[in-house]
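Following: one structure in structure tokens, then a few remarks.
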Amino acid sequence: MGEKTTPKSEPASKAAISAMLITVAQTAFLTWFAYNLTGKVDLSLKDRQTTVASVKQMDGLIEGMLTSGDADSHLALARRIAMYGSDAVEPLLYLAIRSPGGVAAPIFGLQLLSIKHRDEVCLALRNAERVPTKKDRRDEIEKLARELEC
């Protein structure tokens with residue numbers, strides 16, 4: 001008439017279902033983990049490509065500051081360099097110390113940066129004290145440090 005399940009077959013079927021659920025859960029976890037890892041690797045690669053492109057663009061702007069040009073073009077270049085945020089602190093300080101175009105434009109760029117990245121600018125200005133440079137440039141750098149209360 002009706003088939004009866006024996007008590008021995010019921011635990012066996014529960015064990016089989018349990019094993020199957022564990023396998024499915026492991027597979028789902030590994031799939032989720034691989035998906036997240038792949039996404040992070042892709043994001044990291046895209047970030048690296050963006051960084052390399054930004055460095056090349058900033059390099060071109062710095063090169064423009066090192067070549068001859070009028071004061072207005074140097075101010076425009078310093079403004080564009082400052083748009084790179086805290087990554088622009090050291091290049092602008094280098095330009096303030098060494099640029100043949102004078103110190104005004106790089107100091108202007110550092111003033112712009114100090115609005116959002118004051119601590120980084122102050123640290124760089126304090127470190128610049130150890131770099132040998134011309135007296136007029138040193139005076140301008142020290143003046144900026146005083147203005148920012150570094």
Item checked: GLY109 vs. criteria within 21 Å of the chain's Cα centre (by Cα) and closer than 25 Å to SER68 by Cα -> yes
Notebook entry, point to check: Yes or no: LYS116 in a helix (DSSP H, G or I) and free of Cβ contacts under 8 Å to residues at least 12 places away in the same chain?
Noted result: no
Next item on the list: Considering only the stretch 67-90, state which residues are assigned to a helix (DSSP H, G or I) and surrounded by fewer than 21 Cβ atoms within 10 Å (Cβ to Cβ).
Entry: ALA71, ASP72, SER73, LEU75, ALA76, ARG79, ARG80, GLY85, SER86, ASP87, GLU90
Checklist line | Criterion (over 30 Å from LEU123 (Cβ atoms), modelled with pLDDT of 75 or more and among the aliphatic types (A, V, I, L, M)) met by exactly one of MET58, MET83, MET20 | finding: MET20
Checklist line | Candidates GLY101, GLY60 - the one that is of a type in the set (Gly, Ala, Ser) and in a helix (DSSP H, G or I) | finding: GLY60
Margin query: If I ask for residues that are part of a helix (DSSP H, G or I) and surrounded by 11 or more Cβ atoms within 10 Å (Cβ to Cβ), which ones from the stretch 126-138 would you list?
Written below: ARG126, ASN127, ALA128, ARG137, ARG138
Checklist line | For LEU123: the one exception among (1) crowded, with 16+ Cβ neighbours inside 10 Å; (2) in a helix (DSSP H, G or I) | finding: (1)
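The values are calculated or read from the model by the stated rules, or taken from the named source; none is laboratory data. For clarity, every value in this text was computed on a predicted model and none was experimentally measured. Cβ sites come from the backbone with ideal geometry, for glycine too, and all protein chains shown count toward neighbours.
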